[in-house]
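Report on one structure; see the data block that follows.
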Amino acid sequence: MDFSWDEKQLALKDSVIRFAQKELNDEVIEKDRTGAFPRDEWKKCADFGIQGFPFPEQYGGINADILTSMLVMEGLGYACKDSGLIFGINAQMWSVQMPIFRFGTDEQKEQYLTKLCRGEFIGAHGMTEPESGSDAFSLSTTAERCGDHYVLNGTKTLVTNGPVSDVFIVFATVDKRKRFMGVTGFIIEKDFPGFGVSKDIEKMGLRTSPMSELILNDCMVPVENRLGKEGNGAAIFNDSMEWERCCILASYLGGMERQILTCIKHAKTRRQFNQPIGNFQSVANKIVDMKVRMETARLMLYKVAWLKKSQGQAGMDAALAKLYMSESWVKSCLDAIQIHGGYGYTTEYELERDLRDSVSGTLYSGTSEIQRNIIARYLGL
Ligand SMILES: Cc1cc2nc3c(=O)[nH]c(=O)nc-3n(C[C@H](O)[C@H](O)[C@H](O)COP(=O)(O)OP(=O)(O)OC[C@H]3O[C@@H](n4cnc5c(N)ncnc54)[C@H](O)[C@@H]3O)c2cc1C
């Protein structure tokens, strides 16, 4: 494995950092308070090329390899303080754009991927239902073929970007008795008959990333909007979850780096007992622990991206990286608050927001418990 970056890649990361610092950090505290979706910033990211990085130029992308794309997302997480914006973009890239790119027809790629890369469309991914979460393939949403259409009925929940999306990947079963063999993917546009979106679901963190239910009430979906073959939905879902686990946390790495620098500055300037608090080993050690977590996370992320690039698959390593990075980010957010004392608990210092945003990482794309189950399976347990 060779993780050395060439000058072009490093210049790209620098340009993302400069772009994000200049364009994406306005009034983040206020946006978090009101839960406002940063639509302008979303479009600016697309104009810069973020949503299109790993996708071919033919579809409005940049055609960067996956390692370079991870470096870009790392830079974005370092410089952009709005984790909700970053999360929403990542959710679209890995669980909407990637499955359309990998399993869609040429027409579907032309019609949807291009607009998603360019920020003309926003996309969402609906798998979770009120009664099926971790056990995703026990879903109840049905799809019945009627001539040149499918008719979909059911409810999806906890859908990121739901309230603001133009296009949705939705999974339904064509035959519940077949369990995962019946699961099928569909691409739905927001104005298809019988399709609706609930009001926003309020949440603890990632508040600028809107979330909702999707309501399918005799929703008419043309056959040409099926994603892949009938019964291929479980494979498509697993594939996109592996991509998501590999890539969605790259920005956390940048966030970890930003937070360490903030903590070092505070530890050197905040004085108690006539000396900088960084002189106290129990404070310094917390920063050291944050550094160890960041460097470990860095190696895991780069390794998983390298595996995806060189071998196409990274099942166990994706689960390992997702598990470790998400839990490390929560621990580091807690350490950062502790190092800042009471100020760390205030909104103004922007560390409590990081903590609220971080907790979700142990839940989406499969909970930490599910990641452990996956790893145990790879270990033959
Ligand atoms: C911020 C955020 C964004 C999300 N975005 C989307 C989205 O865009 N699209 C979408 O479809 N979904 C989305 N989700 C939903 C997410 O995928 C689910 O929350 C997740 O899969 C867990 O399902 P659940 O919430 O129903 O919990 P449950 O499956 O009910 O789990 C509850 C608890 O039981 C544990 N548990 C369950 N089964 C097992 C097991 N076999 N072994 C050990 N422990 C187990 C879980 O780990 C958890 O601790 C999002 C969630 C969050 C928090």
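Data for the structure
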quantity	calculated
One residue from Phe53, Phe3 being hydrophobic (A, V, I, L, M, F, W, C), within 19 Å of the chain's Cα centre (by Cα) and under 20 Å from Trp306 (Cα atoms)	Phe53
Search result, residues across the range 275-321 that are within 17 Å of Trp94 (Cβ to Cβ), touching a helix residue (DSSP H, G or I) at 6+ places or on another chain (Cβ under 6 Å) and not in a helix (DSSP H, G or I)	Ala314
Checking Ser240 against (1) hydroxyl-bearing (Ser, Thr, Tyr); (2) crowded, with 16+ Cβ neighbours inside 10 Å; (3) out of contact with any Pro (no Cβ under 7 Å at 6 or more places or on another chain), the condition it does not meet	(3)
Condition met for Phe137 (buried (at least 19 other Cβ atoms within 10 Å of the Cβ), within 15 Å of Phe237 (Cα to Cα) and out of contact with any Ser or Thr (no Cβ under 8 Å at 6 or more places or on another chain))	no
Conditions (1) more than 29 Å from Asn25 (Cα to Cα); (2) within 12 Å of the ligand (Cβ to nearest atom); (3) not basic (Lys, Arg); number of the one not met by Gly315	(2)
Single condition Ala376 does not satisfy, out of (1) among the aliphatic types (A, V, I, L, M); (2) modelled with pLDDT of 95 or more; (3) in contact with a helix residue (DSSP H, G or I) (Cβ under 9 Å, 6 or more places away or on another chain)	(3)
Evaluation of Ser332 against (1) surrounded by 16 or more Cβ atoms within 10 Å (Cβ to Cβ); (2) in a helix (DSSP H, G or I); (3) within 16 Å of the ligand (Cβ to nearest atom) (one fails), failing number	(3)
From the options Ala11, Ala20, residue that is of a type in the set (Gly, Ala, Ser) and without any contact (Cβ under 8 Å) to a residue 60 or more places away in the chain	Ala11
Residue, surrounded by the fewest Cβ atoms within 10 Å (Cβ to Cβ), within the range 254-274, restricted to residues that are part of a helix (DSSP H, G or I) and among the polar types (S, T, N, Q)	Thr269
Those residues of the range 300-319 which are in contact (Cβ under 8 Å) with a residue 12 or more places away in the chain and surrounded by fewer than 20 Cβ atoms within 10 Å (Cβ to Cβ), in sequence order	Lys303, Trp306, Lys309, Gln313, Gly315, Met316
Considering residues of the range 172-227 that are away from the ligand (no atom under 16 Å from the Cβ) and on the phi > 0 side of the Ramachandran plot only, the residue surrounded by the fewest Cβ atoms within 10 Å (Cβ to Cβ)	Asp218
Only one of Gly147, Gly123, Gly119 that is at pLDDT 95 or above, on the phi > 0 side of the Ramachandran plot and either in contact with an Asp or Glu (Cβ under 8 Å, 6 or more places away or on another chain) or crowded, with 18+ Cβ neighbours inside 10 Å (or both)	Gly119
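The values are calculated or read from the model by the stated rules, or taken from the named source; none is laboratory data. Because the structure is predicted, anything quoted here is derived from the model rather than measured. Neighbour counts are summed over all protein chains in view; Cβ atoms, including those assigned to glycine, are modelled from backbone coordinates with ideal geometry.
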